[in-house]
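The next block holds one structure in the form of structure tokens; read it before the comments.
Quick note: the coordinates plus some simple rules give every number you see, no bench work behind them. Here the structure is a predicted model, which is why all the values come from computation and not from measurement. Note: ideal-geometry Cβ built from the backbone for every residue, glycine included; neighbour counts use all protein chains shown.
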Amino acid sequence: MSPVSPVGPVEETALAPAPEWWQSAVIYEVYPRSFADGDGDGVGDLAGLIARLPYIAALGVDGIWMTPFQPSPQVDQGYDVTDYCGMDPLFGTMEQFDTLLELAHALGLRILLDVVPNHCSSEHPLFQAALAAGPGSPEREMFHFVPGPLDMSDDGGGGSASGASDVPPNNWQSVFGGRAWSRANPGSATDTDWYLHLFSAGQPDWNWRNPAVGEYFDGVLRFWFDKGVDGLRIDVAHALFKADGLPDSPSTGGVVDGLRSNPQVSDQEDVHEVYRRWRALAEKYEPHRLLVGEVNLEPARAARYTRADEMQQAFAFAFVKLGWDPEAWAAVGNELEAARQLHGASPTWALENHDIVRTVTRFGGGELGSLRARAALVAMLGLPGPAYLYQGQELGLPEVDVPLESRMDPMWARGGVCRDGARVPLPWTEDAAQNFGFSLTGPPADPWLPQPAGWGANAIERQQQDPDSSLALVTKALEMRRLLWNDEVFGRNDGGTWRVEAGNLLICERSPEFFVAVAMGSESVRLPAGSVLLSAAPPAEDGWLQPNNAAWVLRA
Ligand code: GLC
């Protein structure tokens, strides 16, 4: 029931703005190099994605977010860009991209691209120009070049042969591990500059305090928006500005969360101005373009990036990282709800992406992990607000233990965790000779990351024949979501309140009429009275939910 407003229901309806498509959208993340390989070189590409677009459309999602395909030395699988408005030949041509966009739109799918404004590739022409121009030049002002102290000791102890000391400008650690600074010109006696890279040395950070950087990226946004791209996912959106003067950090943590816990490196107030400008730019286009942020901060801080005049969406990272723990789900759910009430925008739900251990494995692995991953998916798709799926999540793919010699992740190479296990090329068929259908032509080269033996057991072709498959469940959930979202009860974005009932039954109460339930304990639990609209597995007994099952329930 809608809350009764003093102006009465008629006026209320007239005043309510029509919901925007993105407020309830489900977007499918495509990691192009692992999705489908059209030319048989073992790396996924645009030809593969074009050929497989009907599969994505048939899933019933609203759009696709593609991770970077722009020209890049691929140090960080494309998150090190040399040309923000180009296409890496590894993936295809710009003509193919135009075709993709047209076909996707014809299938009713929107296309979001990744833009990486925190850093570029060290091969980017502007970084190369900065290196060549030398210390103190305007070219170096585009990045964070800082002179290191000279080594004043006689024997050069602790320093380099060049006379520059080995002490970087501050104590910041790279997200990937190791220090966040490298020498611009190692070995030079005159160039003592260091440059900042929050990620690998091949990814220098832009200096957003220089307005020329903002102008440059405004142009990048315009380029893609002019092409008809429907939106952009903003990489590391909270870290563009660093604390003035680049002071030492109180924390020296080098892991991804190091960014979060490091107040000098992220979440500076100035960054919001960028998103206000970009939102205004996005709304100059019809239809308005969507901005979704990778804002890896706690809910109350992250929600500030989705204030009415900033980005429309920011991933709910506190939710993305949850284990199988009802109290943690309820606490995070309520924290996100409190943030929504403060700043207006619904959380943007996700459980997986290309940086995170797959849910099947995270929730316990094997049969148990599979059940839980399905339950979590059903729960997520029942929550109010937009949601993102990561390719392969619909298949219930587990994290792969990629053999040491085959690992490609620069984070792992620098001592961090390895993210390759979530990036193994998709199994489309059971045909191992064809890289399990990942490669469309052949005989193909080996896939860029090896697919494990038995990968074909998860194949799309196989799951399409099986009414009990994970794929069938996701397709059904998306279909019901689409049908119900227009419904007065289900379609309201009123947020949700979370609690844990006896027996570790997690409940997200979306409205007086509708709730989502997840049985997170080890015994079956009785559901509050109502009818089950959808469940991850058929309930073993009427009115009860067996362990590791989830349901959408309409109250009696
Ligand atoms: C984001 C991306 C990740 C990448 C990093 C640096 O977190 O999702 O894959 O390594 O940014 O660009």
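Of note:
- Calculated SAXS-style log₁₀ I(q)/I(0) at q = 0.17, 0.19, 0.27 Å⁻¹ - the range 475-544, Debye, Cα scatterers: -0.69, -0.85, -1.36
- Radius 12 Å from Cβ of Asp41, net charge of other residues (Lys, Arg +1; Asp, Glu -1): -3
- At R0 = 22 Å, FRET efficiency that the Cβ-Cβ distance of Ala308 and Arg222 yields, to 0.05: 0.45
- Using only alpha-carbon positions in the range 433-556, the gyration tensor eigenvalues give semi-axes of 37, 18, 13 Å once each is multiplied by 5 and square-rooted (largest first).
- Within the shell of other residues whose beta carbon sits under 9 angstrom from the beta carbon of Ala133, the net charge comes to 0, with Lys and Arg scored +1 and Asp and Glu -1.
- The residues neighbouring Ala453, those whose beta-carbon lies less than 15 Å from its own, together hold a net charge of -4 under the Lys/Arg +1, Asp/Glu -1 convention.
- Assigned charges on the beta-carbon of Lys, Arg, Asp, Glu; the range 358-485 dipole about Cα centre (debye): 580
- Restricting the calculation to Cα atoms, the range 360-427 yields a radius of gyration followed by a Dmax of 13.9, 43 Å.
- Selection among Phe317, Ala201, Asn504 by position relative to the dipole of the chain gives Asn504 as farthest towards the positive end (Cβ unit charges, Cα centre).
- Both the radius of gyration and Dmax for the range 42-136 are 15.8, 55 Å, in that order, over alpha-carbon atoms.
- Peptides 336-346, 295-305, 114-124, 529-539 ordered by average Cβ neighbours within 10 Å, highest first: 114-124, 295-305, 336-346, 529-539
- Close lysine pairs were tallied over the chain: pairs 8 or more places apart or on different chains with Cα atoms under 30 Å apart number 4.
- Stretching the chain fully between Gln341 and Ser531 yields a gain of 65.5 nm (0.36 nm per residue, less the alpha carbon separation).
- R0 of 25 Å, Cβ-Cβ distance Leu107-Gln465: FRET efficiency to nearest 0.05: 0.65
- Kyte-Doolittle at least -0.5, axis length at least 20 Å by Cα - qualifying DSSP helices, the chain: 211-227, 326-343, 366-381, 470-485
- With both residues required to sit in the chain, DSSP beta bridges show an antiparallel share near 55%.
- Helices in the chain, meaning DSSP H runs of at least 4 residues, each add -39500 (n - 2.57). Divided by all residues, the mean residue ellipticity at 222 nm is -8000 deg cm²/dmol.
- At q = 0.06 Å⁻¹ the log10 of I(q)/I(0) for the chain amounts to -0.31, computed by Debye summation with a single uniform scatterer per C-alpha, solvent ignored.
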